[in-house]
Amino acid sequence: MKSINKKRNKRKETMLAFGLLISITLIATAFSGCTQNSAKTTISLGGSTTVQPIADSAAAAFMKLHSNVTVEVYGGGSSVGIKGVAKGT
């Protein structure tokens, strides 16, 4: 029973992290066209190491389209991502 709960929790964490990544990417995309400022912008994403490879790929694709934006992706576990959202970082 414990292994089933672990799998469910891991799946929930993965889906939450992926949803967070997509949300941040969409927000960054929406706001990147709102300015004519050529200043560099840095977006930091932290969270589940399970989805980190997907986040790395998404970050690379985003930076190709938006040369003035740097996306930093780091793992550390889902709790790192949740704490970052809570802090606004």
Please name whichever of Val69, Thr14, Ala55 sits farthest to the positive end of the charge dipole of segment 2-87, dipole taken about the Cα centre and charges placed at Cβ: Lys and Arg +1, Asp and Glu -1. Thr14
Taking a 26 Å limit on the Cα-Cα distance, which of the listed pairs Lys12/Lys64; Lys7/Lys64; Lys40/Lys87; Lys7/Lys87; Lys10/Lys64; Lys10/Lys87 fall beyond it? Lys12/Lys64; Lys7/Lys64; Lys7/Lys87; Lys10/Lys64
Can you work out D for segment 2-87 in µm² s⁻¹ from Stokes-Einstein, where Rh is the Kirkwood radius over C-alpha pairs, the temperature is 10 °C and the viscosity is 1.306 mPa s? 116 µm²/s
To the nearest 20 debye, what charge dipole does segment 2-87 have about its Cα centre, counting +1 at the Cβ of each Lys and Arg and -1 at the Cβ of each Asp and Glu? 580 debye
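We did not get these values from a lab; they are worked out from the coordinates using the rules stated. A quick note: this is a predicted structure, and the numbers were derived from the prediction, not measured. Backbone-built Cβ (ideal geometry, glycine too); neighbour counts: all protein chains shown.
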